[in-house]
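Asks: Handing you a structure now.
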Amino acid sequence: MAEGASEAAPAPRVRLDAVRFVWPSGEEILSGLSLELAPGQVVALVGRSGCGKSTLLRLAAGLSTPTGGVIDVGDARRAFVFQRPNLLPWRTVAENVALPLTLMGEQDPAAVASALAQVGLTDAAHKLPQALSGGMQMRVSIARALVSQPTLLLLDEPFSAIDALTRARLHSELGQILDERGLTTLLVTHDLHEAALLADRVIALAGPPLRVLLDVPVSLPAPRGRRDLYDPRVGALVHQLRAALDLDTPP
Amino acid sequence: MSRALPALIGLVALVLWAALAARLPEVLLPLPIEVGRALLKQGPRLGEASLTTAFAALTGLGIAAVFGGAAGVLFARSPALERAFAPYTLLLQTVPVMAIAPLLVVWLGYGLKVSVCTAALVSFFPILTATVAGLRATPPDQLDLLRLYGATEAQTLWLLRLPSAAPFVFAGLRSSAGLGVIGAIVGEFVGSNGEPVSLGYLVLRSARSADTPLTFAAIVASTALALTFYATLRRVETRLIGAWHPGAS
């Protein structure tokens, strides 16, 4: 998926080596997990709630510190898309998108405009977030993540609180952005179809402590659209993941 | 109906007041019409007194906002500092201002300084606690967002914590607005010699001279003052944060 990203900084290789994470309560979430993401690779992490995949994402983002092991993201510029849009309600859409630049002491109205155009929200630049629908807010959140020209994108169930129609549209938009920018991406999701549509590789996880149940490549050309959902290869992948996660058995 | 109900309740209260006052001597409870007459007759004096009390209450509120807000920022940043000063800040809240006021007269002499001080003292605590609560209520995801982009502590405070705390701070200011008027009047009971004339002084003097209609008129003016402060702050709040904070619109 790295084509078209020649002008941007190179996407990093991400390496997790024997990473441990233990909460102060003593609960061990990661006990020596090792994982590697190739530059520009989009990897989806799927697993039951509470297995520790969001913790893994926070560790990769530098928002939590591992108890042991090594997380090497090189000199990646990280961006994080949260489960909720997480916009600052007192800032306009454009100001929200510009926030990472403001924090880095940069001003680049052209970059803000370009990020907003990429998610189709140019006309909403001067609105406050509450004037937007949930789907539009999530697009602002994606624009904010893209504005700082990240090389490592971390997405924590970004579409879980969005209706099915909006989600379908966002899948297509995000798929296109990932294809154009060639970012190394870690996507945490519960939606196996979403994983199949967006990722180059899907890792099924269980825990805690977090362990890999299945690590499979997605063998469909990118970017993918809704019609690919009916591709037998997607069906087979989802079936394989369901079996690995034991989703047909109640927890 | 919802708009008419408060007016109806007020009207019923007025009728009950009039009915009760008709059976009692005026020195105990004057008729509402007598209070109205006192308001008209003493209008210029009450206006001047209201301005004096408003000045004392507003200055006190301003001092409390600056010091309460600054202490709130420090306490929210350092729980150890908050624990160290908690007993003393609580002291400000629990010691009756009426008991402190005579001491203030001894220290500061008669005049506005006493009522400014008492207004500041009673306004301080709600602003402090509201600021601390507001700063600590910053959503963790938003803090993570700023941390992700390497925000400094000053950037986090200025760009996130303070705006996020604004609804709490306004709630504290609104509580303190009414308290500030009460504090100023208590200070005037003890520390005003009538130069300049103030609402506290008028209440005290009129009560002592059994001019109950004027006492009531001064009480009405005090209430109007507190309500004006409250409504003005509410308006400022709506103007500043109403666009994004539903509770303020």
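The values are calculated or read from the model by the stated rules, or taken from the named source; none is laboratory data. Model, not experiment: these values are computed from the prediction. Cβ sites come from the backbone with ideal geometry, for glycine too, and all protein chains shown count toward neighbours.
Asks: Restricting attention to segment B:10-59, and to residues there that are of a type outside the set (A, V, I, L, M) and in a loop (DSSP other than H, G, I, E, B), which single residue is surrounded by the most Cβ atoms within 10 Å (Cβ to Cβ)?
Replies: Here the answer is B:P30.
Asks: Any residue at all in segment B:108-119 that's within 14 Å of chain A (Cβ to nearest Cβ) and out of contact with any Ser or Thr (no Cβ under 6 Å at 6 or more places or on another chain)?
Replies: Within segment B:108-119, not a single residue is within 14 Å of chain A (Cβ to nearest Cβ) and out of contact with any Ser or Thr (no Cβ under 6 Å at 6 or more places or on another chain).
Asks: A further question follows. Here are some residues: A:L154, A:L174, A:L170, A:L178. Which one is modelled with pLDDT of 95 or more and either among the hydrophobic types (A, V, I, L, M, F, W, C) or surrounded by 15 or more Cβ atoms within 10 Å (Cβ to Cβ) (or both)?
Replies: A:L154
Asks: Which numbered condition in (1) touching a residue at least 60 places away in the same chain (Cβ under 8 Å); (2) in a helix (DSSP H, G or I) is the only one that A:P158 fails?
Replies: (2)
Asks: Does A:L205 fit the bill of being closer than 23 Å to A:Q41 by Cβ, assigned to a strand (DSSP E or B) and in contact with a Cys (Cβ under 6 Å, 6 or more places away or on another chain)?
Replies: yes
Asks: List the pairs whose first member sits in segment A:35-49 and is polar (S, T, N, Q), whose second member is assigned to a loop (DSSP other than H, G, I, E, B), and whose Cβ atoms are under 7 Å apart, counting only residues at least 6 apart or on separate chains?
Replies: Once the first residue is polar (S, T, N, Q) and sits in segment A:35-49, its partners that are assigned to a loop (DSSP other than H, G, I, E, B) give A:Q41/A:D200.
Asks: Would you call B:S164 over 22 Å from B:I100 (Cβ atoms), touching a Ser or Thr at 6+ places or on another chain (Cβ under 9 Å) and within 14 Å of another protein chain (Cβ to nearest Cβ)?
Replies: Taking the combined requirement at face value, the residue satisfies it.
Asks: Just one of (1) more than 9 Å from chain B (Cβ to nearest Cβ); (2) in a helix (DSSP H, G or I) trips up A:Q130, so point out which.
Replies: If we test A:Q130 against (1) more than 9 Å from chain B (Cβ to nearest Cβ); (2) in a helix (DSSP H, G or I), just (1) comes out false.
Asks: Could you please tell me which pairs satisfy a Cβ distance under 6 Å, a separation of 6+ or placement on different chains, a first residue in segment B:131-143 that is farther than 13 Å from B:G69 by Cα and away from chain A (no Cβ under 13 Å), and a second residue that is among the aliphatic types (A, V, I, L, M) and part of a helix (DSSP H, G or I)?
Replies: Matching pairs, first to second residue: B:R136/B:A76.
Asks: What helices (runs of 4 or more DSSP H), lying completely within segment B:76-186, carry at least 3 residues that are under 30 Å from A:L87 (Cβ atoms)?
Replies: Once the helices (runs of 4 or more DSSP H) in segment B:76-186 are filtered for at least 3 residues that are under 30 Å from A:L87 (Cβ atoms), what remains is B:112-136, B:140-148.
Asks: When only residues in segment A:79-127 that are in a loop (DSSP other than H, G, I, E, B) and among the polar types (S, T, N, Q) count, which is surrounded by the fewest Cβ atoms within 10 Å (Cβ to Cβ)?
Replies: Restricting to residues being in a loop (DSSP other than H, G, I, E, B) and among the polar types (S, T, N, Q), the top hit is A:Q107.
Asks: Are any residues in segment A:67-94 within 13 Å of another protein chain (Cβ to nearest Cβ), more than 24 Å from B:L162 (Cα to Cα) and touching a Gly at 6+ places or on another chain (Cβ under 9 Å), and if so, which ones?
Replies: Within segment A:67-94, A:V73, A:R78 meet the criteria.
Asks: Inside segment B:144-161, can you point out the residues that are surrounded by fewer than 19 Cβ atoms within 10 Å (Cβ to Cβ) and at the interface with another protein chain (Cβ under 8 Å from one of its Cβ atoms)?
Replies: B:D144, B:R147, B:G150, B:Q155
Asks: Being part of a helix (DSSP H, G or I), within 14 Å of chain A (Cβ to nearest Cβ) and touching a residue at least 40 places away in the same chain (Cβ under 8 Å) is the filter here; which residues of segment B:207-248 pass it?
Replies: If the condition is that a residue be part of a helix (DSSP H, G or I), within 14 Å of chain A (Cβ to nearest Cβ) and touching a residue at least 40 places away in the same chain (Cβ under 8 Å), then B:E237, B:L240, B:I241, B:G247, B:A248 are the ones that fit.
Asks: Given the condition closer than 20 Å to B:A171 by Cα and touching a Phe, Trp or Tyr at 6+ places or on another chain (Cβ under 6 Å), answer yes or no: does some residue in segment B:65-77 qualify?
Replies: yes
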